[in-house]
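One structure is given here, and the rest of the page talks about it.
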Amino acid sequence: MKVFITGASSGIGAALAAHYAARGAQLGLVARRAEALAEVARRLPGTPALYLADVADAQAMADAARDFMQRFGAPDIVIANAGISVGTLTEHAEDIAAFERVMRTNVLGLAATFQPFVAPMREARRGRLVGIASVAGMRGIPGAGAYSASKAAAITYLEALRVELRPRGVRVVTVCPGYVATPLTAVNKYRMPFILPADVAARRIARVIDAGRSYAVVPWQMALVARAMKLLPNPVYDRLFKRAGRKPRGLKL
């Protein structure tokens, strides 16, 4: 098995790398932080291929994909996991840069990750492209407009890609995690229901991928919460969430 994972230096990405390495997979791991990625690799069995790249840099992602495929062939699974989250408020001019960065990473980063692999997978009529979205994409979360918008866009993009590639034998899997204990959630100062350790989340995500499901929320309890949120009339949603806890602004992206 050959698995290519972005955002592999921490959190869900590192946990997915550990999960697939334990299954004997040849890994390609992408991250921006060299030391953190090297530390993840040191803990893994086997010898993963490591790539320092920003998923928003399409050329860097194309170069990484080309090297991986030249060495190992087309991957069986590509997991576009890299993502960033930061509190944003439109009233602050300085937050526009954060909006742009979040959208480039969380949305354009998906396309840049998948694009180099589409033609080889389509030719082979096999393979799975997995996008890690979020329950936050179901409704607009106050104080996290950029993140919610990016994940809503990711869900919609992945759906379009799924329909495009389905006749060619390539599966597209959308995974929407709820709260997972990662550096992105460690800064949250509010209650996070049904939060999962990263390794538990990784195992559940891998089960979704193995099953070939097109869409899943992890954990299942958050699927119920997400469904209820989508059904709430706007006046009710507004009253419930106007005082919801908010992610801090101004975090380093």
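The values are calculated or read from the model by the stated rules, or taken from the named source; none is laboratory data. Note that the structure is predicted; figures quoted are calculated from it, not measured. Cβ sites come from the backbone with ideal geometry, for glycine too, and all protein chains shown count toward neighbours.
Could you check, for the stretch 188-211, whether at least one of its residues is in contact with a Leu (Cβ under 6 Å, 6 or more places away or on another chain), farther than 21 Å from LYS230 by Cβ and crowded, with 17+ Cβ neighbours inside 10 Å? Yes, the stretch 188-211 has at least one match. Would you be able to say whether some residue in the stretch 122-142 is in contact with a Ser or Thr (Cβ under 9 Å, 6 or more places away or on another chain) and in a helix (DSSP H, G or I)? Yes, there is a match, as at least one residue in the stretch 122-142 is in contact with a Ser or Thr (Cβ under 9 Å, 6 or more places away or on another chain) and in a helix (DSSP H, G or I).
For residues in the stretch 237-248 being surrounded by 15 or more Cβ atoms within 10 Å (Cβ to Cβ) and outside any helix (DSSP H, G or I), which is modelled with the lowest pLDDT? Checking each candidate, the answer is LYS247.
Could you list all residues from the stretch 70-99 that are at pLDDT 95 or above, exposed (fewer than 13 other Cβ atoms within 10 Å of the Cβ) and on the phi < 0 side of the Ramachandran plot? Scanning the stretch 70-99 gives GLN70, ARG71. Taking first residues from the stretch 143-161 that are under 10 Å from THR88 (Cβ atoms) and partners that are basic (Lys, Arg), the Cβ contacts under 9 Å between residues at least 6 apart in sequence or on separate chains come to GLY143/ARG246; GLY143/LYS247; GLY143/ARG249; ALA144/ARG246; ALA144/LYS247; ALA146/ARG101; TYR147/LYS247; SER148/ARG139. Inspect the stretch 17-29 for any residue being in a strand (DSSP E or B), of a type in the set (A, V, I, L, M), within 20 Å of the chain's Cα centre (by Cα) and surrounded by 14 or more Cβ atoms within 10 Å (Cβ to Cβ) and give the result as yes or no. Yes: the stretch 17-29 contains one or more residues that are in a strand (DSSP E or B), of a type in the set (A, V, I, L, M), within 20 Å of the chain's Cα centre (by Cα) and surrounded by 14 or more Cβ atoms within 10 Å (Cβ to Cβ).
Within the stretch 115-152, the residues that satisfy the criterion of being surrounded by fewer than 22 Cβ atoms within 10 Å (Cβ to Cβ), at negative phi and not hydrophobic (A, V, I, L, M, F, W, C) are GLN115, PRO116, PRO120, ARG122, GLU123, ARG126, ARG128, ARG139, GLY140, PRO142, GLY145.
Residues being closer than 17 Å to ALA133 by Cα, within 18 Å of the chain's Cα centre (by Cα), in a helix (DSSP H, G or I) and of a type outside the set (Phe, Trp, Tyr): count how many of those fall in the stretch 201-236.
Quick first cut of the stretch 201-236, residues closer than 17 Å to ALA133 by Cα only: 201-209, 212-227, 229-230.
Adding the requirement that they be within 18 Å of the chain's Cα centre (by Cα) leaves 201-209, 212-220, 222-223, 226.
After this cut, where a residue has to be in a helix (DSSP H, G or I) as well, the list is 201-209, 220, 222-223, 226.
Checking the rest, the ones that are also of a type outside the set (Phe, Trp, Tyr) come to 201-209, 222-223, 226.
Residues meeting the conditions: 12.
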